[in-house]
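The values are calculated or read from the model by the stated rules, or taken from the named source; none is laboratory data. Computed from a predicted model, the values in this text were never measured in an experiment. Glycine gets a Cβ as well: all are built from the backbone with ideal geometry, and neighbour counts include every protein chain shown.
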Amino acid sequence: MPRGFLKTYLLEMLSEGPIHGYAVMERVEKITGFWKPSPGTIYPLLNSLVKDGYAQAISGQGRRKQYRLTAKGRKLFSEVKETRYLLNEKLSGILSKMTPATKKELSLYFQSTVKNCHGGPMIYPMHNMVAVLLKLSNSPEKIIGACEILNEANAKLAKLLVEGDRK
């Protein structure tokens, strides 16, 4: 899982209501389809959110503690959502210059992807690609190189699609 994603997922889960650590582990496994974080990953992250004032531990079912966002945590999650939106806008703008799709079409595509694709094996390589493209966005020479790579990748993906249709 890309660095920082787990904290973002955790904030999102907590924004939906109280949740206990084991439920977080199960939900991450469901979202990713392949990775179930260990208690040694989840509980230190939950404790750091509590320590930093973003979450609060409350009594839950039986011995399980539940966690919920504090006002500070809701503010942080709101900022994360805004940053996600701004990245989406910036990426849509960059890609609209490289593809026949409009910025609005790309923006709608990314919004629906985030809404409907709760993980899956392609989300992480796509996230990493987006992060690199955003870093390259201020260098015209590197953008040209990135466009060539993206065009090659697009041709290979199109070929894979055609080959998949023949089977």
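Could you list, in sequence order, the residues of the stretch 12-44 that are assigned to a helix (DSSP H, G or I), hydrophobic (A, V, I, L, M, F, W, C) and at pLDDT below 90? Step through it out loud before you land on a result.
Keep residues of the stretch 12-44 that are assigned to a helix (DSSP H, G or I), which gives 12-15, 21-32, 39-44.
Right, trim to hydrophobic (A, V, I, L, M, F, W, C) and you get 13-14, 23-25, 28, 31, 42.
VAL28, ILE31 - these are the residues of the stretch 12-44 that are assigned to a helix (DSSP H, G or I), hydrophobic (A, V, I, L, M, F, W, C) and at pLDDT below 90.
For the residues LYS51, LYS81, LYS65, LYS36, the requirement of being more than 30 Å from MET129 (Cβ to Cβ), among the basic types (Lys, Arg) and out of contact with any strand residue (DSSP E or B) (no Cβ under 7 Å at 6 or more places or on another chain) singles out LYS51.
Scanning the stretch 132-167 for residues that are in a helix (DSSP H, G or I), in contact with a helix residue (DSSP H, G or I) (Cβ under 6 Å, 6 or more places away or on another chain) and modelled with pLDDT under 70 gives a single hit, LEU136. I'm trying to understand the selection: among the residues of the stretch 90-113, which are surrounded by 13 or more Cβ atoms within 10 Å (Cβ to Cβ) and either closer than 20 Å to THR8 by Cα or at pLDDT 80 or above (or both)? Within the stretch 90-113, LYS90, LEU91, PHE110, GLN111, THR113 qualify.
Applying the criterion of being within 10 Å of PRO18 (Cα to Cα) and under 25 Å from the mean Cα position of the chain (by Cα) to the residues of the stretch 58-71, the residue that is surrounded by the most Cβ atoms within 10 Å (Cβ to Cβ) is TYR67.
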